[in-house]
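*Asks:* Below is the structure I would like to discuss, written out as structure tokens.
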Amino acid sequence: TNIFDEAGFKTPDLSIVSDEFVAELLGMEHKNLAVELLQKLLKDEIKHRSRTNIVQSRKLAEMLDDALRRYRNQVISVIDVLEELLELAKDTNAANARGEELKLESYELAFYDALSQNHSAQEIMGVDKLRELAIVLVERIRKNASIDWNLKESVRARMKVAVKRLLRQYGYPPDMEALATELVLEQAKVFTECEVSNSSSSL
């Protein structure tokens, strides 16, 4: 059964979360159906974001899993979990505007998020320098990544050296350099796969 059709919603994505949508959900007779609707919307958003921004998708998945686990264990009521999921949906929609505020493209924002996971990096480097580093990373990876860079160890090793060099060049805190490098490489793999996919589809 298509729960969106059943509930009367025709556009199954987070963009439908408005004040009117919230009022309709809270007014539904079967609150468990409202929870299922929001769960489906958020899981679809997680799947979508996993193709562009691994940090955001993981964070969203953790928050969703935590809320649902407490609900299933009867730690919180159906109304409580509904309100938590609504807040999560609203926060996720609001996060979409961060790229515009920082003037970053989606993948630049993804690398910015990967770099800024380290709070000391935020304090030491600041938003502007992290933003600049994210842009340079995207440019460097786009120029040097090959289709099979994630398969060939030599290509991956070369990319790892290039990432470390950039982090040091921009003054990234050395205590978190190794973790940041691995996270950036994970993000680079996602980015490269999308670039290759887009190139193939345009042929």
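*Asks:* What is the number of the single condition among (1) surrounded by fewer than 14 Cβ atoms within 10 Å (Cβ to Cβ); (2) closer than 29 Å to L115 by Cβ; (3) touching a residue at least 12 places away in the same chain (Cβ under 8 Å) that I79 does not meet?
*Replies:* Looking at each condition in turn, I79 falls short on (2).
Conditions tested, residue by residue: (1) in a helix (DSSP H, G or I); (2) touching a helix residue (DSSP H, G or I) at 6+ places or on another chain (Cβ under 8 Å); (3) open to solvent by 90 Å² or more (accessible area, probe 1.4 Å); (4) hydrophobic (A, V, I, L, M, F, W, C).
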| residue | (1), (2), (3), (4) |
| --- | --- |
| E20 | yes, no, yes, no |
| Q39 | yes, yes, no, no |
| D65 | yes, no, no, no |
| L88 | yes, yes, no, yes |
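*Asks:* R72 versus (1) under 30 Å from A114 (Cα atoms); (2) at pLDDT 90 or above: which is the lone unmet condition?
*Replies:* Here R72 clears every test but (1).
*Asks:* How many of the residues making up region 124-150 are at pLDDT 90 or above, surrounded by fewer than 18 Cβ atoms within 10 Å (Cβ to Cβ) and under 17 Å from E177 (Cβ atoms)?
*Replies:* Selection size over region 124-150: 3.
*Asks:* While we're here: Looking only at region 100-119, decide whether some residue is over 18 Å from the mean Cα position of the chain (by Cα), closer than 20 Å to R51 by Cα, touching a residue at least 12 places away in the same chain (Cβ under 8 Å) and assigned to a helix (DSSP H, G or I).
*Replies:* Taking every residue of region 100-119 in turn, none turns out to be over 18 Å from the mean Cα position of the chain (by Cα), closer than 20 Å to R51 by Cα, touching a residue at least 12 places away in the same chain (Cβ under 8 Å) and assigned to a helix (DSSP H, G or I).
*Asks:* Within region 164-172, is even one residue modelled with pLDDT of 85 or more, at positive phi and not charged (D, E, K, R)?
*Replies:* Yes, there is a match, as at least one residue in region 164-172 is modelled with pLDDT of 85 or more, at positive phi and not charged (D, E, K, R).
*Asks:* Does region 172-189 hold any residues that are open to solvent by 40 Å² or more (accessible area, probe 1.4 Å), within 10 Å of A121 (Cβ to Cβ) and not charged (D, E, K, R), and which are they?
*Replies:* M176
*Asks:* Exactly one of (1) modelled with pLDDT of 85 or more; (2) part of a helix (DSSP H, G or I); (3) crowded, with 16+ Cβ neighbours inside 10 Å; (4) not basic (K, R) is unmet by T52. Its number?
*Replies:* The single condition T52 does not satisfy is (2).
The values are calculated or read from the model by the stated rules, or taken from the named source; none is laboratory data. Just so we're clear, the structure is a prediction, and the values are computed from it rather than from any experiment. All Cβ positions, even for glycine, are placed from backbone atoms using ideal geometry, and neighbour counts span all protein chains on display. The protein model used for the area step is the full one, side chains on, heavy atoms only, and it has no ligands, DNA or RNA in it. Shrake-Rupley method; radii C 1.70, N 1.55, O 1.52, S 1.80 Å.
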